[in-house]
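Worksheet for the structure shown next.
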Amino acid sequence: MFPVPIQKRPLINQISYKILIPISLIIWLIPLIGIMLTSIRGLGDISQGNLWGVPSEFLLFSNLKDVFTNTPMISYIINSFKITIPTMIGAVALSCMTGFALASYKFKANLFIFFTFIAGNFVPFQILMIPVRDLTFQMGLYDTVTGLVLFHVAFQTGFCTLFMRNFIKALPSELFEAARMDGTSEFNIFLKIVLPLTRPAIAALCVLIFTFIWNDFFWATVLIQGHHAMPITAGLKSLNGQWISAYHLLSAGSIMAAIPPVIMFFLMQKHFIAGLTLGASKG
């Protein structure tokens, strides 16, 4: 039922494991290393094909200066926070309530509603592009931060509900029954018992949703056209010149775009790992 620890596997498996892990890590890091090397180069190095060699000059700060002075990068970053934070709060808040209801209450449509939330996660988002775009047009929400936030909240709530429902389902039901026998209202049970016990799961969801929404490019380009509401992932394309791609500026901007999710993860690392691993131990 449980995976066999690598230390107890045959010697050939242990050797293969020790060889494949570093190789996999290097393959995974190659694109990141390429972006970092490109961000410190000038356009001359890139034009001459010097992509992996020693840079002729160190221009990281110069490239970052160009990114912030020649494009509305600060506005893009602010827009990303305007989109990401409300989406994270909305999706997690809704999923806590729906997860508690689906995990605690028995009613006829319980399983159907739960499967509906699950089914929404398996719909390819590409086929939703035209219907969602038309819907935002009809509601007057196209090319607005509000429209993008509402869509993300609706789309991410299904995944969050699946996560929270399973987490709350694993909590001892005796806690809720004892609280009800003492006359505690359902709202207070949710507020004073469920929410404190689900803090690791909430932290894990916050990190995941923050990362998902911050890194979203597809819907940002589908539902946003103007620079007034464009997040940083879609705004990076403005760093390209009319006739030539400014890869050094794109790389520098990409590094700036990657910083907030990394900070978010390290701030919530302890709770994030606890939320993902709770209930995963044997016994």
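What the table below lists for this structure:
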item	result
Within the range 238-267, considering residues that are loosely packed, with under 14 Cβ neighbours inside 10 Å and not hydrophobic (A, V, I, L, M, F, W, C), the one modelled with the lowest pLDDT	Gln242
Residue check for Met73: surrounded by 18 or more Cβ atoms within 10 Å (Cβ to Cβ) and either in contact with a Cys (Cβ under 6 Å, 6 or more places away or on another chain) or at positive phi (or both)	no
Residues (assigned to a helix (DSSP H, G or I), surrounded by fewer than 21 Cβ atoms within 10 Å (Cβ to Cβ) and within 14 Å of the chain's Cα centre (by Cα)) located in the range 212-223	Phe212, Phe218
Any hit, the range 137-146, residues being aliphatic (A, V, I, L, M), surrounded by fewer than 17 Cβ atoms within 10 Å (Cβ to Cβ) and modelled with pLDDT under 90	no
Search result, residues across the range 189-211 that are of a type outside the set (A, V, I, L, M), assigned to a helix (DSSP H, G or I) and in contact (Cβ under 8 Å) with a residue 40 or more places away in the chain	Phe190, Arg199, Pro200, Cys206, Phe210, Thr211
Boolean, Ser95 is part of a helix (DSSP H, G or I), assigned by TED's automatic domain parsing to the domain that holds Ile259, of a type in the set (S, T, N, Q) and buried (at least 17 other Cβ atoms within 10 Å of the Cβ)	yes
Residue under evaluation Met230, criteria (1) modelled with pLDDT of 85 or more; (2) under 30 Å from Val67 (Cβ atoms); (3) part of a helix (DSSP H, G or I), criterion not met	(3)
Residues (of a type outside the set (Ser, Thr, Tyr) and either at pLDDT 90 or above or within 14 Å of the chain's Cα centre (by Cα) (or both)) located in the range 195-211	Ile202, Ala203, Ala204, Leu205, Cys206, Val207, Leu208, Ile209, Phe210
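The values are calculated or read from the model by the stated rules, or taken from the named source; none is laboratory data. Everything quoted here is computed from the prediction, not taken from an experiment. Positions of Cβ are generated from backbone atoms using ideal geometry, with glycine treated the same way; all protein chains shown enter the neighbour counts.
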